[in-house]
Structures are given as C-alpha cells and as structure tokens.
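The values are calculated or read from the model by the stated rules, or taken from the named source; none is laboratory data. Quick caveat: nothing in here was measured; it's all calculated off a predicted structure. Note that we place each Cβ from the backbone using ideal geometry, even for glycine, and neighbour counts take in every protein chain shown.
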Amino acid sequence: MLPTVMSDLTGPDGDGAHDQESTPRTALFDVNVLVALALGEHLHHMAAHAFLREWNGGWATTPMTESAFVRLLLNPAITGKAYAVSDIAVVLRGMRAEPRWMFLPDHSSLIDPHVDTSILVSHSLVTDVHLVNLAACRDMTLATFDRRLPTHLAPRDRHHVTVIPAGVAQ
C-alpha cells in the first residue's frame with residue numbers, strides 16, 4: 001500500500017493558513033508534483049509538501065494529470081514497487097480530500113490557445129504548454145519543479161507558471 005500523503009498539508013495551526021502575500025490563486029499541479037507528494041522517497045517529496053503547506057490558494061488536478069499519475073505509479077521503475085490501481089486510487093482520493101483541492105475539467109485546446117504556441121518547436125513541450133494553456137484559460141498557475149519551463153514560454157505567458165523550489169528541507 002502506498003503511504004498516506006495528505007495529512008501534513010494544512011498550516012501549523014491546522015486551518016490551512018499560509019504566509020504567501022499575493023492574491024490567492026489556484027495552482028494546477030503537474031504530474032511530477034503529484035508523484036512527489038505521493039512517494040515519500042521521491043527527491044522532491046518534502047519540497048512538494050512544503051510548497052502546498054505554504055501555498056495561499058487552492059490547487060487542482062485534471063484528467064491528464066491524474067491519468068499520468070496513475071500511469072507513473074503503475075511503473076515499478078518509477079516507484080520501486082508494484083502497486084495496484086486500487087492502491088493508487090486510495091492515494092489520489094486522499095489528495096482529492098484536501099479541502100483546497102478541485103478537479104479541473106479540460107476543455108482547452110492548443111488549436112484555440114490562450115498562450116503563444118509559436119514557441120512550440122519540439123514535441124517534448126506539447127504537454128507542458130497544454131497545461132500552461134489550461135491554467136491560463138482559468139486564470140491559474142501551473143505548479144511544477146521544471147525550472148526550464150518558463151524559459152520555453154513567451155515572456156507574456158511566464159506568469160502562468162510557478163516553479164516550486166526543489167530541495168526544501170523540513
């Protein structure tokens with residue numbers, strides 16, 4: 001069974017209070033953040049939990065990020081163990097039970113984008129730009145550990161990405 005992952009996400013007083021000064025926004029978590037939250041042995045596990053504790057707003061998953069989460073956690077090369085879909089579903093339901101979480105249906109398209117898609121010169125950026133586009137459609141930010149992602153975006157679209165500092169010690 002995967003570990004319980006969402007028990008330490010509220011602020012120190014237990015009410016979900018955060019210290020961030022900006023207007024609360026919803027962060028759309030990419031799959032790497034979800035995996036880091038779930039796997040205690042993940043390199044960025046503590047950083048993901050610290051970010052979520054300090055985030056002054058809601059957070060979201062999408063059909064794409066949830067499916068990618070299941071795909072990655074079914075891969076023993078990623079997790080180091082074989083998990084059943086039912087075990088992964090328990091973890092995902094635990095994440096969804098966090099009071100600030102929301103499910104974000106995805107009706108966005110790169111054919112009718114809210115971000116500049118002229119920067120797409122490589123197949124490797126399509127999923128990331130799709131998620132940034134979805135975040136932009138909903139006035140959200142894509143939360144990721146990928147420090148390079150904003151540099152691949154048009155300058156006017158970079159504010160739709162929040163890079164989570166890696167290696168935050170707790």
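Per-structure values
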read-out: Some residue of region 157-165 being in a helix (DSSP H, G or I), farther than 25 Å from E41 by Cα and acidic (D, E); value: yes
read-out: Search result, residues across region 55-87 that are of a type outside the set (G, A, S) and exposed (fewer than 13 other Cβ atoms within 10 Å of the Cβ); value: P63, R71, N75, P76, K81, V85
read-out: Tally, over region 88-115, of residues that are free of Cβ contacts under 8 Å to residues at least 24 places away in the same chain and surrounded by 17 or more Cβ atoms within 10 Å (Cβ to Cβ); value: 2
read-out: Selection within region 116-156 - aliphatic (A, V, I, L, M), part of a loop (DSSP other than H, G, I, E, B) and either surrounded by 14 or more Cβ atoms within 10 Å (Cβ to Cβ) or at pLDDT 95 or above (or both); value: L120, M140, L153, A154
read-out: Considering residues of region 57-104 that are within 15 Å of the chain's Cα centre (by Cα) and in a loop (DSSP other than H, G, I, E, B) only, the residue farthest from L34 (Cα to Cα); value: G57
